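K.L.:
Shown below is the structure under consideration.
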Amino acid sequence: MTFHDFNFNEQLLEGVLSMGYTTPTPIQEKTIPIILNGEDLIACAQTGTGKTASYLLPVLNYISNTHKHQISALVLAPTRELAQQIDQQVEGLAYFTGISSLAVFGGGDGMAYEQQRRGIQNNVNIIIATPGRLIAHLTSGVLKLNHITHLVLDEADRMLDMGFQDDIMRIISYLPKKRQTLLFSATMPGRIRTLAKAILTDPQQINIAISQPAAGIDQQVYRLHDQQKTPLIKLLLKDSAYASAIIFASRKEIVKSLYKELKAAHVHAEAFHSDLQQGEREEILLKFKNKLLPVIIGTDALSRGIDVEGIDLVVNYDVPGDPEDYVHRIGRTARAATTGTAITFVNDRDLKRLKNIEQLIDRPISQKELPEVLAGIQPVKQERPHGGAYGDKRRRPNRYKGNKPKPASN
Ligand code: AMP
């Protein structure tokens with residue numbers, strides 16, 4: 001199958017080819033005909049599968065064929081990083097169609113709000129938004145969504161995890177009842193099905209290899225204790241040919257202290273966490289994307305949003321508590337059928353978590369031998385300040401419960 005088979009209009013096809021896409025990914029093959037057919041859709045697909053283009057392309061095709069100068073599509077996403085990445089994909093794919101889009105998200109200063117307000121008044125075709133900030137524009141009366149023909153919920157499970165359910169329902173109350181609704185989610189817990197029932201009409205369902213990491217990822221595990229983790233990272237980054245690497249840690253305290261240690265070891269890295277200003281976060285991501293920054297250290301906030309080509313190493317400094325988070329973290333490498341390495345550090349306390357992951361992905365992860373130079377490093381009895389995988393969870397069993405982000409800062 002090729003992109004010609006979808007009968008997209010010429011300008012859109014030109015955009016697709018200019019993005020370097022030659023063959024549709026499996027999810028694109030399945031979803032695009034359904035969406036072109038005007039049907040509602042629930043798609044269970046992880047990032048890295050090409051899911052964004054799988055809904056953008058048919059929506060762009062519809063908008064460019066109808067030539068309407070109004071806000072026709074709304075995409076809701078959980079984080080500003082994801083919203084910006086979707087917006088960038090629209091820019092690339094729609095380059096020759098004349099379709100315009102606007103990313104609307106919280107944070108930033110009054111100027112950012114004002115820019116978004118002006119963008120809205122310019123009658124863009126597609127708005128990509130985090131729910132909190134969108135509501136601010138809706139209630140101010142600037143934004144009217146009464147011409148929306150397409151609503152997309154991207155990473156719906158994450159939006160519910162972040163407490164956006166009420167905001168989503170409120171936004172939907174501003175939309176025309178007659179519309180096409182597309183719901184994308186990496187997981188399909190009961191809450192998502194309930195939401196889908198409330199907002200979709202006779203949806204088609206698509207399931208793409210749920211919770212399976214991309215085949216191109218070489219997954220490895222090191223069994224070690226906490227004092228060996230940072231020395232091993234230094235070794236991995238020093239001795240190997242990894243040009244672009246992400247290190248995930250469960251808490252920002254670990255991110256910050258690892259950043260300091262790597263900096264002291266002259267490793268060119270940046271820490272990405274919620275204490276940074278939006279501008280600082282964007283600058284780090286941009287440098288990383290442009291290959292001016294080889295290493296980025298971050299919490300799971302990074303794992304869903306970041307869409308960077310050519311990441312060849314993902315390191316899990318600790319094992320994520322939710323096995324799905326593991327799939328998301330390592331999904332940052334080997335995107336769209338390339339290859340990459342994902343290395344996970346496992347201490348004694350994290351063994352159970354590793355088992356859960358292996359159960360989810362339905363195979364054991366190969367265990368690598370620890371480099372000999374690290375064997376002499378002795379464990380320190382009190383490991384919590386550094387190992388950290390449990391510190392957060394013990395205080396807050398469910399990390400999102402009661403932790404709804406303020407709308408303006410999502
Ligand atoms: P996503 O799963 O939407 O986050 O997409 C993952 C990456 O795959 C993005 O960098 C897309 O630009 C890229 N991509 C999407 N569809 C294709 C395709 N058909 N061929 C090659 N790359 C693609």
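K.L.:
Putting +1 on Lys and Arg Cβ atoms and -1 on Asp and Glu Cβ atoms, find which of 163, 13, 112 reaches farthest to the positive end of the dipole of the stretch 3-208.
P.N.:
The listed residue farthest towards the positive side: 163.
K.L.:
Using only the alpha-carbon atoms, how far is helix 51-66 inclined from the longest principal axis of the chain? Give it as 0 to 90 degrees, nearest 10.
P.N.:
Roughly 20 degrees, rounded to the nearest 10.
K.L.:
Relative to a virtual label point 7 Å from the Cα of residue 65 in the Cα→beta-carbon direction, which members of the stretch 79-110 show backbone nitrogen distances below 17 Å?
P.N.:
Only 94, 97-99 pass the distance filter.
K.L.:
Over the chain, with the other protein chains present, what is the accessible area per residue in square angstrom, probe 1.4 angstrom?
P.N.:
Per residue, the chain has an accessible area of 44 Å².
K.L.:
Using a 10 angstrom cutoff on alpha carbons, build the Gaussian network for the chain and name the most mobile of 38, 119, 190.
P.N.:
190
K.L.:
Right, here's the next one. Solvent-accessible area of residue 274, probe 1.4 Å, all protein chains present, reported in Å² to the nearest ten, please.
P.N.:
Looks like 80 Å² after rounding.
K.L.:
Under a crude label model (7 Å from the Cα following the beta-carbon direction), how far is residue 238 from residue 276 in nanometres?
P.N.:
Taking the two extended label points, one gets 2.5 nm.
K.L.:
Would you kindly state how much longer the chain becomes between residue 114 and residue 191 on full extension, computed as 0.36 nm times their sequence separation minus their alpha carbon distance, in nm to one decimal?
P.N.:
Length gained, residue 114 through residue 191: 24.2 nm.
K.L.:
Taking amide H atoms as placed 1.01 Å from N in the peptide plane, list the residues 5 or more away in sequence, or in a different chain, whose amide H sits under 5 Å from that of residue 180.
P.N.:
Residues meeting the amide H criterion: 150, 151.
K.L.:
Leaving out ligands, DNA and RNA but keeping every protein chain, what accessible area does residue 312 have, in Å² rounded to the nearest 10, with a 1.4 Å probe?
P.N.:
Rounded to the nearest 10, that gives 40 Å².
K.L.:
Rounded, prolate or oblate, given the Cα gyration tensor of the stretch 234-302, with a/c below 1.5 counting as rounded?
P.N.:
Because a/c hits 1.5 or more and a/b fails to exceed b/c, the stretch 234-302 counts as oblate.
K.L.:
Another question, then. Using the Cα centre of the stretch 58-202 as the reference point, and only Cβ charges (+1 on K/R, -1 on D/E), how large is the resulting charge dipole? Debye, rounded to the nearest 20.
P.N.:
540
K.L.:
Only four residue types carry charge here, +1 at the Cβ of Lys and Arg and -1 at the Cβ of Asp and Glu. Report the dipole size of the chain about the Cα centre in Debye, rounded to the nearest 20.
P.N.:
1280
K.L.:
To continue, here is another question. Modelling each spin label as a point 7 Å along the Cα-to-Cβ direction, I'd like the residue 201/residue 95 distance in nm, to one decimal.
P.N.:
Going from the residue 201 label point to the residue 95 one covers 3.7 nm.
K.L.:
Now a separate question. Restricting to DSSP H runs of at least four residues, report the calculated mean residue ellipticity at 222 nm for the chain, -39500 (n - 2.57) per run over all residues, nearest 500 deg cm²/dmol.
P.N.:
Mean residue ellipticity at 222 nm (helix-derived): -12000 deg cm²/dmol.
K.L.:
Using Cα atoms only, what is the angle between the long axis of helix 80-93 and the major principal axis of the chain, expressed in degrees (0 to 90) to the nearest 10?
P.N.:
The angle comes out near 60 degrees.
K.L.:
Compute the FRET efficiency between residue 349 and residue 253 as 1/(1 + (r/R0)^6), taking r as their Cβ-Cβ distance and R0 = 25 Å, and round to the nearest 0.05.
P.N.:
0.90
K.L.:
Then there is this: Given contacts defined as C-alpha pairs under 8 Å and at least six residues apart, what's the relative contact order of the stretch 217-372, whole-number percent?
P.N.:
Relative contact order of the stretch 217-372: 36 percent.
K.L.:
Tell me the carbon and sulfur percent of the accessible area for the chain, rounded to whole percent, probe radius 1.4 Å.
P.N.:
About 51 percent, which is the carbon plus sulfur part of the accessible surface.
K.L.:
Could I ask something else about it? Quick one: grab the alpha carbon gyration tensor of the chain, order the square roots of its eigenvalues as a ≥ b ≥ c, and give me rounded if a/c is under 1.5, else prolate or oblate depending on whether a/b is larger than b/c.
P.N.:
Prolate shape, in that a/c is at least 1.5 and a/b is the bigger ratio.
K.L.:
Probe 1.4 Å, all protein chains in place: accessible area of residue 4 in Å², nearest 10?
P.N.:
Its accessible surface works out to 110 Å², give or take rounding.
K.L.:
Please give the helix 26-36 orientation as an angle from the longest Cα principal axis of the chain, in degrees from 0 to 90, rounded to the nearest 10.
P.N.:
20
K.L.:
Turning to a different aspect of this structure: With 18 Å as the limit, write out which pairs from 238/381; 234/287; 252/368; 256/291; 144/177; 238/263 have Cα-Cα distances beyond it, or answer none.
P.N.:
Correct reply: 238/381; 234/287; 252/368; 256/291.
K.L.:
Another question, if that's okay. In percent, what relative contact order does the chain have, based on Cα pairs under 8 Å that are 6 or more apart in sequence?
P.N.:
19
The values are calculated or read from the model by the stated rules, or taken from the named source; none is laboratory data. Only a predicted model underlies this, so the values are computations on that prediction, with no experimental measurement involved. Glycine gets a Cβ as well: all are built from the backbone with ideal geometry, and neighbour counts include every protein chain shown. Surface accessibility is based on the protein's heavy atoms, side chains included, excluding ligands, DNA and RNA. Shrake-Rupley method; radii C 1.70, N 1.55, O 1.52, S 1.80 Å.
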